[in-house]
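Reviewing the structure listed below.
We did not get these values from a lab; they are worked out from the coordinates using the rules stated. Quick caveat, the model's predicted, so the values are computed rather than measured. Counting neighbours? That spans all protein chains shown, and the Cβs are built from the backbone with ideal geometry, glycine included.
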Amino acid sequence: MTVNVSDRGPVRLIEMNSPPVNALGAKLRMPLLDAIRAASRDDSAGALLLLSGLKTWCAGADIKEFGLSELPAPEASLNAICDALDTCSKPVIAVVDGVAYGGGLELALACDYRAVSARARFAFPEVNIGLLPGAGGTQRTPRLVGVERALRMCLDGKPVNAGQALEMGLADRLLEDGLTEAACAFAEEMLAAGAPVRKISSGPGKLPRPGEAAEVFDGARQLIARRMRGRDSPELIVQCIEQAVACRDDFRAGLAEERRRFVSCLKNPQSKALSHVFFAERAAARGAGGAAARAVERAAVIGCGTMGGGIAMNFAIAGIPVTVLETGEEALERGLSVIRGNFERSEKSGRIPPGGAERSMALITPTTDYGALDGADFAVEAVYENLDLKKRIFTRLDRALGSDAILASNTSYLDIDRMAEATGRPGQVLGMHFFSPANIMRLVEVIEGRHSSADTVATAFSLASRMKKVPVWSANSNGFIGNRMLSGYMFEAFELLFEGTPPESVDAALRDFGLPMGPFQMIDLVGLDLGWRARELAGKPLEERKPGERLGDALCERERFGQKNGRGIYNYSPGSRVPEPDPGVAGLIEELAEELGYKRGPPAGAEEIVKRCMYPLVNVGSALLEEGVARAASDIDIVYVYGYGFPAWRGGPMHYAEQQGLDGVLEDIRGFHDRFGARWTPAQRLVEAAAAGRGFGEG
Ligand code: CAA
């Protein structure tokens, strides 16, 4: 039974029970509506309690239903349930224990009272899937808590806890443990006091008069422009709440305005793309297979540079004590002070709770001695990319750590098997590739080597989840998923430059596409000198250097290292991150293009730039599927969304290609192949999927 109904004296208990999260799909909606209507008609029921039999109170609408071609019939919709609650003449109390999200919160708002446990959490996360609260949320919330808070909740999608809900008036009563008993006692107390029904819809509540909140709406729009560039549903959310104000004495009119905009969001490809990301993230996290993960109680990180420090922070944030090893005291001190600064900033910005910086620092033990690592059951090596050095470190870790310990490398492209073979425990070695800044970026590629055992892989997945990361499985192959794809993207961006398109045009086109920054801004941010020094150190012969590398060399020889010294591909005014084109660099590109034999032409337009830079991601992604390096196109999408800033509202490169139509994408790739040669050879997997007229997922 998805809904259980029982009576305690005059109190009717209606308990939702639709695992895993009480999503409001048809199988929960129908019996719920019946139970509410029956209780409304039944004279023996004096008050109604709406409860959940699960850990989650209600996760909102069933997102899977949104992919269906037909919307639910109005008589069986969530709006119909909210209507039934709204018109019930008896007090209805939502007894919220766990999360009430989206449509779940709307359900609670259609009740007269909200009694909560300390575990209650309220949020409108629909903005994260390209939607807006579509069952009265944009109309009832500002009436109950005011326009400013309603805008914040609907736009940031973040949860409000029980204490905050009580403080802002979203919840009425905190219930003690023994929730059902406490809720029944609350209902009886209300009945005894003759507590009235109290419909949020019955009046304007905290809604301002039209015009009074203009500044608040302006502020919301400025926030959208800053933080939600390219996304459509945030503006519609603001409009819905504006409509609540405009129709303040006519709840139904505001509701109709909300409905119209909700349906337009549902039809918008952005919501399809964002829902795809929601499910793809969860599917990726299941990539470990069925093996049991081992316990990780103590960790070690080798290297306390940018990556090592960030990884150590992740262990500490997850509450796992971690020993960090460096070669010398000075490097260790430098690394720790960066970690401390990062923790303090995180605490200030609210990313970690008050006192969290101190608590986390206390979990980090610095050392220069491998002997101090004994007792760690999981080690991550995060030194610079040099296979011989990494092999030596793995051999030392193998000697220093207990025989059960798992050893991981944070390499971004090197061969995990070679590192495994430098140890006596190759089955307990794998890759865990974090992305910079490692304490912020959510992606972790989990690299299964030839020898890695199933429980080693499962342990890395479980560890990543404890760190609140998104783990994605990859086979051991140069550059794994993300960096292999990135190299095609960067190569093409440089080709455009040498053919005559200025860097600012390439960057602008890709920013307009939705990336946080273009490829040349990114290189300037990372620093041109890193690659240059590595090439020089390795003595890479000139003829083996790619055209983009040659430009990097020339810029570095002129002391143009990037943002760090205010001069790279662009110039930067002191203290500014705004790129300013430099005519000298344009001249340098032209000279080099001539030397390398490029035929210069007019600058490419935005459409060509986007295709030239995005389709290598799709083509290489297809090859990765074909080779078994990635298991699913949706995994590739997750890598690009969470690791490389690909706009989530476009769903990731593979979803984007499917939405464009794979046959059209293939035709363009064939056109580029005719113009530019072998690097554009279409991947077989793409050819097959396009010919079959289906997406990658069904291959
Ligand atoms: N619809 C369908 N399935 C859902 C779902 C939803 N709203 N919410 C979660 N699920 C599924 C997940 O896909 C997952 O399925 P699998 O086990 O098959 O992967 C399962 O429920 C458990 O979810 P999580 O792994 O995420 O479990 P969790 O305990 O970590 O988190 C949660 C639970 C906090 C509810 C989280 O799943 C979540 O935030 N869900 C999304 C909630 C949401 O966006 N609600 C708004 C829906 S839109 C809406 O309601 C519009 C409206 O106004 C009408």
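Given a Förster distance of 22 Å, report the FRET efficiency between Val338 and Val526 from their Cβ-Cβ distance, rounded to the nearest 0.05.
Efficiency computed from Cβ-Cβ geometry: 0.80.
Which residues does a label at Ser202 reach in region 100-138, if reach means a backbone N under 17 Å from a point 7 Å past the Cα toward the Cβ?
Correct set: 109-114.
Give, in nm to one decimal, the length gained when the segment between Ala214 and Ala291 is fully stretched (0.36 nm per residue of separation minus the Cα-Cα distance).
Taking 0.36 nm per residue and subtracting the Cα distance, the gain is 22.1 nm.
Could you give the radius of gyration (one decimal) and Dmax (whole number) of the Cα atoms in the chain, in Å?
Cα only, the chain: 28.3, 91 Å (Rg, Dmax).
Please work out the FRET efficiency for the pair Ser44 and Asp250, using the Cβ-Cβ distance as r and a Förster radius of 30 Å; give the result to the nearest 0.05.
E(calc), rounded to 0.05, equals 0.25.
Give the angle, between 0 and 90 degrees and rounded to the nearest 10, that separates the Cα long axis of helix 547-557 from the longest principal axis of the Cα atoms of the chain.
Roughly 80 degrees between the two axes.
Could you give the nm distance between label points at Gln164 and Arg679, where each point is 7 Å from its Cα heading toward the beta carbon?
Going from the Gln164 label point to the Arg679 one covers 4.7 nm.
Go through 134-140, 554-560 and give me the packing order, highest mean Cβ count within 10 Å leading.
Per-residue mean Cβ counts within 10 Å order the peptides as 134-140, 554-560.
When you count, for each residue, the other Cβ atoms within 10 Å and take the mean per peptide, how do 539-547, 225-233, 376-384 rank with the highest first?
The packing order, highest mean first, is 376-384, 225-233, 539-547.
What does the extension gain come out to for Met228 and Ala691, with contour length at 0.36 nm per residue minus their alpha carbon separation?
Here the answer is 163.1 nm.
For region 605-636 and region 6-46, what is the separation of their C-alpha centers, rounded to whole Å?
48
Of Ala256, Ala284, Gln243, which is farthest on the positive side of the dipole of region 243-306, counting Cα position, with +1 on Lys and Arg Cβ, -1 on Asp and Glu Cβ, and the Cα centre as origin?
Farthest towards the positive pole: Ala284.
Hey, what D do you get for region 21-172 in µm²/s if you plug the Kirkwood alpha-carbon radius into Stokes-Einstein at 10 °C and 1.306 mPa s?
For the chosen part, D equals 103 µm²/s.
Taking the mean number of other Cβ atoms within 10 Å as a proxy for protection, how do you rank 476-484, 95-103 from highest to lowest?
So the peptides 476-484, 95-103, ranked by packing, come out 95-103, 476-484.
Across region 552-623, how large is the tail of the calculated P(r) beyond 19 Å, expressed as a percent of all Cα pairs?
It works out to 55 percent of all Cα pairs.
Provide, in order from the shortest bin, the percent of all Cα-Cα pairs of region 443-572 in each 10 Å bin, continuing until the bin that contains the maximum pair distance.
It works out to 11, 31, 29, 22, 7, 0, in whole percents.
If you put +1 on each Lys and Arg Cβ and -1 on each Asp and Glu Cβ, how big is the dipole of region 1-156 around its Cα centre, in Debye rounded to 20?
400
Calculate how steeply helix 26-41 sits against the longest principal axis of the alpha-carbon atoms of the chain, using the helix alpha-carbon long axis, and give the answer as 0 to 90 degrees to the nearest 10.
It works out to around 20 degrees.
Give me the one-decimal nm value for the distance between modelled label points at Asp369 and Arg392, 7 Å along each residue's Cα-to-Cβ direction.
2.1
Counting each pair of different Cα atoms once, what's the Kirkwood radius of region 544-698 in Å, rounded to one decimal?
17.9
State the percent of C-alpha pairs, over all pairs in region 421-461, separated by a distance greater than 15 angstrom.
Percent of Cα pairs beyond 15 Å in region 421-461: 44.
Mind putting a number on the dipole of the chain about its Cα centre? Charges go on the C-beta only, +1 for Lys and Arg and -1 for Asp and Glu, and I need it in Debye to the nearest 20.
Once rounded to the nearest 20, the dipole reads 900 debye.
Using 0.36 nm per residue, how much length does the chain from Gln659 to Arg119 gain when fully extended, once their Cα-Cα distance is taken away?
Going from the current span to full extension adds 190.4 nm.
Go through Lys469/Lys540; Lys540/Lys564; Lys55/Lys90; Lys564/Lys599; Lys158/Lys199; Lys546/Lys611 and tell me which ones have a Cα-Cα distance over 30 Å in this structure.
Correct reply: Lys469/Lys540; Lys564/Lys599.
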